Amino acid sequence: MPASEPMAAPFRTRLTDLLGIEHPILGGGLMWLSDARYVAALANAGCMGFITPRSFASDEAFAEAIEVCKDLSAGKPFGVNLTLSSRPENNQSVQRWTEIALAHGVRHFETAGYRPDGLIGTLHAAGAIVIHKASSIRHGLAAERAGADAIALIGMEEGGHPGVNELPSMLMGALAVGQFRVPLVLGGGIGHGRQIAAALVQGLDGVLMGSRFLVCEEIGAHPDYKAHLLTCDEHATVRVLQSLGNTWRVLRNDTAHKIEALERSGALDHAAFGDLIKGTTVRDGCYATGDWNQGMLSLGPAIAFAKRIEPLSSIVSSLIEEARNAFQAHAN
């Protein structure tokens with residue numbers, strides 16, 4: 001795009017065309033938090049979010065969440081997250097969740113994890129669109145060959161599971177442009193519109209965000225936890241569990257410090273960490289009660305951009321305005 005023609009909001013890219021959304025922003029699936037209200041808020045703000053079936057106690061609750069999201073989003077597109085584990089015993093529910101989502105009309109999916117080929121084939125057979133999330137260019141290219149309709153590349157700054165990747169997001173994005181045929185999305189450490197503009201200038205088709213949205217009103221976490229997030233800066237997160245090959249970027253809290261100590265002492269299997277790494281500790285110990293020292297709380301440094309608790313639509317409006325201002329400043 002010529003510098004004399006700054007891109008106006010909304011930004012149209014191959015991603016917005018593929019998904020039928022207004023803004024090139026994806027809200028990544030957040031364990032325990034990507035429920036109907038939050039995902040519908042993303043849809044209504046012109047973005048796309050993904051319900052996480054692993055967050056629900058039963059298939060019936062997951063199916064109900066899809067129906068509630070359909071009502072709240074008034075026909076706007078949204079998706080479902082399907083994450084494949086490296087341990088086959090943890091994937092037994094994925095086929096069932098896939099069938100439930102398809103039966104309830106979902107046709108957009110965020111896949112992640114190991115060997116997505118068969119899952120992508122199943123989803124395509126049902127006429128669905130698949131965005132595969134990968135933590136390396138190599139794995140992203142493999143997913144593209146398997147038929148993924150778009151790729152989301154995740155850098156080391158991602159809150160949650162960035163894999164063993166040591167590359168920062170912007171570097172990986174710059175390296176990836178030109179290597180992929182399908183729309184390419186960048187995630188990890190993104191929380192300001194300037195970064196969205198930078199991604200688009202590089203030739204990427206959009207961004208994937210999570211941590212920046214944790215302080216929106218629609219996120220179903222305790223207000224005390226959200227209040228703590230507003231005090232966090234870019235140094236408030238830490239990567240742990242690298243000793244297990246399961247790197248996890250989380251809030252720097254008492255739980256993370258205990259895990260670091262266990263790793264230093266030589267702990268090398270999941271059992272050694274006990275309840276410290278259980279997902280239900282996060283759900284019951286923080287999201288429900290506000291005690292932010294309880295559990296492995298997935299979080300990236302983009303939380304530093306969060307200044308207030310506000311509706312998700314307000315966050316998105318600010319991001320788009322910031323991105324537009326960045327383009328205009330460049331044009332001038």
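Taken together, the values in this text are just the output of simple stated rules run on the coordinates, not laboratory data. What you are looking at is a predicted structure, and each value in this text was computed from that prediction instead of being measured. Cβ coordinates were reconstructed from backbone atoms using ideal geometry, including for glycine residues, and neighbour counts include every protein chain displayed.
Compute the distance from the alpha-carbon center of region 282-325 to that of region 27-51, in whole Å.
Cα centroid of region 282-325 versus Cα centroid of region 27-51: 13 Å apart.
Identify, among A74, I100, G160, the residue whose Cα sits farthest towards the positive end of the charge dipole of region 68-200, taking +1 on the Cβ of Lys and Arg and -1 on the Cβ of Asp and Glu, with the dipole about the Cα centre.
Of the candidates, A74 comes out farthest on the positive side.
With an 8 Å Cα cut-off and a minimum separation of 6 or more residues, compute the relative contact order for the chain in percent.
Working: 673 pairs, mean separation 57.7, N = 332.
For the chain, the relative contact order is 17 percent.
Mind checking which of G274, Q242, Q202 is farthest towards the positive end of the chain's charge dipole, using Cβ charges of +1 (Lys, Arg) and -1 (Asp, Glu) about the Cα centre?
Q202
What distance in nm lies between label points placed 7 Å from Cα along the C-beta direction at Q179 and R115?
Calculated label separation equals 2.4 nm.
Would you look at the GNM of the chain, springs on alpha carbons closer than 10 Å, and say which of R252, R115, R239 moves the most?
Ranking R252, R115, R239 by mean-square fluctuation puts R115 first.
What do you get for trypsin sites (Lys or Arg not before Pro) in region 106-185 restricted to DSSP loop and a cutoff of at most 11 other Cβ within 10 Å of the site's Cβ?
On the way: sites: R107, K133, R138, R145, R181; in loops: R107, R181.
Passing sites in region 106-185 are R181.
Dipole of region 67-206, Cα-centred, from +1 at each Lys and Arg C-beta and -1 at each Asp and Glu C-beta, to the nearest 20 debye? Please report the intermediate quantities before stating the final value.
Details: 11 positive and 12 negative charges, 32 e Å.
Result for region 67-206 is approximately 160 debye, rounded to the nearest 20.
Using helices alone, I'd like the mean residue ellipticity at 222 nm for the chain: each DSSP H run of four-plus residues gives -39500 (n - 2.57), total over residue count, nearest 500. Mind dumping the intermediate values first?
Numbers: 12 runs with 118 residues, N = 332.
Counting only the DSSP helices, I get -10500 deg cm²/dmol.
Could you give the nm distance between label points at T231 and N325, where each point is 7 Å from its Cα heading toward the beta carbon?
2.8
Give me the three principal axis extents of the chain from the C-alpha atoms, as integers in angstrom, largest value leading.
58, 44, 38
Counting Lys and Arg as +1 and Asp and Glu as -1, each charge on the Cβ, what is the dipole of the chain about the Cα centre in debye, to the nearest 20? Provide the component values of the computation, followed by the final result.
Working: 27 positive and 34 negative charges, 113 e Å.
Here the chain has a charge dipole of around 540 debye.
Excluding residues on the same chain fewer than 8 positions from K307, give the lysines whose Cα lies under 26 Å from its Cα.
Within reach: K226.
What dipole magnitude, in Debye to the nearest 20, does region 211-276 give about its Cα centre under +1 on Lys/Arg Cβ and -1 on Asp/Glu Cβ?
Values: 7 positive and 10 negative charges, 38 e Å.
Dipole of region 211-276, to the nearest 20 debye: 180 debye.
List the lysines whose Cα lies under 17 Å from the Cα of K278, skipping any in the same chain that are fewer than 8 positions away.
K258
How far is it, in nm, from the label point at S85 to the one at D254 when both lie 7 Å from their Cα along the line to the Cβ?
Result for the modelled spin labels: 2.8 nm.
Can you return the lysines within cross-link range of K133? Criterion is Cα-Cα under 19 Å, with same-chain partners fewer than 8 residues away left out.
Counting by Cα, and skipping residues close in sequence, K133 has no lysines nearby.
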